[in-house]
Amino acid sequence: MNPVLGEAALKLRDGRTFTLVLDFEAMVAAESAYGKPIAQTLDDADKGFLGATRSLLFGTLRAHHPDVTLQDATAIYVGNGNEVVSALEAASAASRAKRAEDKEPGKARPRRGKSSGSNGAKRG
C-alpha cells in the first residue's frame, strides 16, 4: 500500500482488512451513491451525516474491492464506525499529500498543445 496515492488500510474488528483509495473514481462513486456533488458529500461527512460517510466508504472501496455493494459498505460502517472514519481520514490526508506533491514548483507537468480560436479547438 502506498499512502502517497491516497490509499489507507481499514482493519475491521473481525480481522478483515480493506484498502481504501480516495481518487477521482472514488469521488464519482461517492457522489453517485449520495446524490450530491463531492464538495457537499465531503462537507456532510465532516458534519457527521451517516449517508455521506457511507457513500465515501463505498467509493473508496471500489478500486481494490469492486464487488463490495452499497449494502456491504453499510454493514462495514455500522459494525466499525470509528475504524471507518479513521481510515477515511487517513485516505483523505494521503490524497491531499499527493495533490500537494503534484503542485510542487519545478515538477514536470503534462504539456498542452496550442489551441486555435476562442473555443479552444485544436487545429487539425
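Residue count for segment 10-30 satisfying the condition of being open to solvent by 60 Å² or more (accessible area, probe 1.4 Å) and either in a strand (DSSP E or B) or touching a Pro at 6+ places or on another chain (Cβ under 7 Å) (or both): 2.
Just one of the listed residues (A63, A93, A97, A121) is at pLDDT below 95, assigned to a loop (DSSP other than H, G, I, E, B) and aliphatic (A, V, I, L, M), and it is A121.
Do you know which of the residues in segment 33-60 that are loosely packed, with under 13 Cβ neighbours inside 10 Å and part of a helix (DSSP H, G or I) is farthest from the chain's Cα centre (by Cα)? Applying the filter and picking the extreme gives D46.
The values are calculated or read from the model by the stated rules, or taken from the named source; none is laboratory data. All of these numbers come straight from a predicted model, not from anything done at the bench. A quick note on method: Cβ atoms are made from the backbone with ideal geometry, for glycine too, and the neighbour counts reach across all protein chains shown. Ligands, DNA and RNA are stripped out before the accessible areas are found, and what is left, the full protein with its side chains, is counted by its heavy atoms. Shrake-Rupley method; radii C 1.70, N 1.55, O 1.52, S 1.80 Å.
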